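A.B. asks: Would you mind keeping the following structure in view while I ask a few things?
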Amino acid sequence: MGSEAAALLEAADFAARKHKGQRRKDPEGTPFINHPIGVARILAHEAGVTDIVVLQAALLHDTVEDTDTTFSEIEERFGEAVRRVVEEVTDDKELPKMERKRLQVERAPGSSPRAKLVKLADKLYNLRDLNRCTPAGWSSQRVQEYFRWAAQVVAGLRGTSPPLEAALQRLFEERGLDL
């Protein structure tokens, strides 16, 4: 591949092809690929992340969870380091939703620094999206519960990125939540 820019574009192209046809749950049905691109952008622009492994993992973070992509495929295309980060941030969809959420809270503190960065940016993107518009079928109570749960996950990621943590803290404070 050669350059880091080419490696990043390869990950973006791979994610776009894998997420083709998927939509976010917002009323507009935003193309899903906007989410991983937004997570990578938050890392680069708001946290100053230049680590290509983190940025590629951000672009690929939902491919195994939400498409037919395998961890082996990620490793073959992008290397072991990227696969490890993607694996750390991927929920096991075979588990019940509440168990997946519980495990995110439990595992956050022991995550690698790279995985913590992706998790922080992912949460920040999702919470900003929830503030922008409520997904179809979500009550204001469900949105508040999501914020409460996200605050628990983020508490386990502290000490990773002051700019991202400050942005998240502001969102939690707006919701009356303490970290």
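A.B. asks: What is the residue count in region 76-89 for residues that are open to solvent by 20 Å² or more (accessible area, probe 1.4 Å) and on the phi < 0 side of the Ramachandran plot?
C.D. replies: 9
A.B. asks: Give all pairs with beta carbons closer than 6 Å in which a residue from region 128-145 that is closer than 22 Å to Arg41 by Cα meets a residue that is open to solvent by less than 60 Å² (accessible area, probe 1.4 Å) and not in a loop (DSSP other than H, G, I, E, B); count only pairs at least 6 apart in sequence or on separate chains.
C.D. replies: From residues that are closer than 22 Å to Arg41 by Cα, the pairs are Leu130/Val143.
A.B. asks: Looking at Glu46, Glu80, Glu87, which one is farther than 23 Å from Ser161 by Cα and among the charged types (D, E, K, R)?
C.D. replies: Criteria check complete, one pass: Glu80.
A.B. asks: Among the helices (runs of 4 or more DSSP H) confined wholly to region 1-75, which include 2 or more residues that are open to solvent by 60 Å² or more (accessible area, probe 1.4 Å)?
C.D. replies: 4-18, 34-41
The values are calculated or read from the model by the stated rules, or taken from the named source; none is laboratory data. Quick caveat, the model's predicted, so the values are computed rather than measured. Cβ sites come from the backbone with ideal geometry, for glycine too, and all protein chains shown count toward neighbours. These area figures cover heavy atoms from the full protein model, side chains too; ligands, DNA and RNA do not enter into them. Shrake-Rupley method; radii C 1.70, N 1.55, O 1.52, S 1.80 Å.
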